[in-house]
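Right, one structure below, let's go through it.
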Amino acid sequence: MVIPVGTSVTLRVPASSANLGPGFDCLGLALGVWDEASITVTDGPDPVIEVTGSGADTVPRDASHLVHRTMVTAFEHLGVEVPAGVHLSSRNAVPHGRGLGSSATAIVMGVAAAQSLASLGAGGDGELDLDTINTIACALEGHPDNASASVFGGATLSTTDAGQPLPTTRTVPLRLHPRIIPVVLVPHTQLSTHTARSVLPDVVPLVTAAANSARVGLLVHALTSDPSLLIAGTTDLLHQESRRPSYAASMALVDALRAGGLAATISGAGPSVLALTTSERVDEVTAIAASGDTSWQVLTPGVPDRGVHLVS
Ligand SMILES: Nc1ncnc2c1ncn2[C@@H]1O[C@H](COP(=O)(O)OP(=O)(O)OP(=O)(O)O)[C@@H](O)[C@H]1O
Ligand SMILES: N[C@@H](CCO)C(=O)O
């Protein structure tokens, strides 16, 4: 099937915060910060790529652009002929390399665009098939926490099993307790996920893995039913301490917030900090963040109850 020249979609995809403490590579929370992109099939030969907002000074404008190369791979997985060219116009709000899932946002954008364009090319209505998008996006990202939250919105818990041609990801929504509000503290520094993963141990003791599993269970209960357990539930035993030297100022802020009785963790691979709190304590989070030497952009983005969607 060849997608006709001129076929076009516009999509929005939210940012996400992964891990939420112990839920390494499995728990994600969508955040109301959105990338938007319009993608139109052309007769090529090269992609034309325009970017405004986050990454406008840094991302490539050729076929190696993450949204573009993801689209090409997704067309192949969907069994659709890759178009001769595309015009991609991106308006990005998700900051890059800050632990807010920008790469997953871009990957979900590319997969969703390919699936929607393929549907239109086959005479369909272009509606998004979120389960297919989730499977492909999680396989391309390599871990499902950020991608699944960007696909479905809300809070998500995902597991992955080996499979052919792609691993199988099962994602379940978690009904976030309505009193929980995320506050995100974003520093000026960046840390690539690749670098942050390179310092992690390959193996952890059984006792550590067992204790962390118990914390994930507690965290799911805290997120959905009892926010008073968030401090205990967000205690991570797997990844944050190994990464402490990579984001020392962020860990110092996490420690200060937790000492103040606020459930703070590193957001994804960092260096942003995520505090899960209630509306009456947002000012406390802001005050503690303002009391140190590092300056933080404070976001209260909310949690969108939907993820990737068509604008037109
Ligand atoms: N919208 C985008 N368009 C093109 N490339 C992007 C886009 N968003 C992210 N990227 C690429 O992904 C890189 C950031 O990915 P990385 O995984 O290191 O951080 P992150 O996804 O922002 O954080 P985390 O995975 O910890 O939440 C950027 O430097 C850029 O190369
Ligand atoms: N679970 C991932 C999230 C970042 O993409 C990590 O912490 O490395």
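For the reader, a short list of remarks on this structure follows.
- Restricting segment 171-196 to residues that are under 16 Å from the mean Cα position of the chain (by Cα) and among the hydroxyl-bearing types (Ser, Thr, Tyr), the residue that is least open to solvent (accessible area, probe 1.4 Å): THR171
- Some residue of segment 16-35 being farther than 30 Å from GLN240 by Cα and polar (S, T, N, Q): no
- A residue that is within 16 Å of ligand 2 (Cβ to nearest atom), outside the structural domain of VAL186 (by TED's automatic domain parsing) and either within 23 Å of ILE266 (Cβ to Cβ) or surrounded by fewer than 18 Cβ atoms within 10 Å (Cβ to Cβ) (or both) occurs nowhere in segment 67-90.
The values are calculated or read from the model by the stated rules, or taken from the named source; none is laboratory data. Bear in mind the structure is a predicted one, so any value in this text is a computation, not a measurement. Reconstructed Cβ throughout: ideal geometry from the backbone, glycine too, with neighbour counts over all protein chains shown. Each accessible area value is taken on the protein alone, full model and side chains, heavy atoms only, with ligands, DNA and RNA left out. Shrake-Rupley method; radii C 1.70, N 1.55, O 1.52, S 1.80 Å.
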